[in-house]
Amino acid sequence: GNIFVLNGDGTVRAATTEPAFRFVGHGNGHGVGLSQYGALGLAGSGYDYKYILQYYFKDVTIMKE
C-alpha cells in the first residue's frame, strides 16, 4: 500500500522510498550563534553538518553516538 506523510505546512503527500532531507530556513533567530541563512548557504555549497556546526561553534567537539 501507499504511505502518506503530513508535511510541516499541514499538507498531505505520498511518501517516497528514496531517503532525502530538505532544510528550509527563515526568520531572524535570536541574533547569536548559528545563522539559519548562513547555514543554509553553506549546505547549498556542499558543506556537511559537521563543518557547518564547527564553523559557528568553534569550541565544540562533535561526537558520534
Problem - the stretch 51-65, subset within 24 Å of A20 (Cβ to Cβ) and among the hydrophobic types (A, V, I, L, M, F, W, C), residue modelled with the lowest pLDDT - result: I62
Practice task
Return a yes/no flag: does the stretch 37-50 have any residue that is aromatic (F, W, Y), at pLDDT below 85 and assigned to a loop (DSSP other than H, G, I, E, B).
Solution key: no
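The values are calculated or read from the model by the stated rules, or taken from the named source; none is laboratory data. Remember, predicted model here, so these are calculated numbers, not experimental data. As a convention, Cβ positions derive from the backbone with ideal geometry for all residues, glycine included, and neighbour counts pool all protein chains shown.
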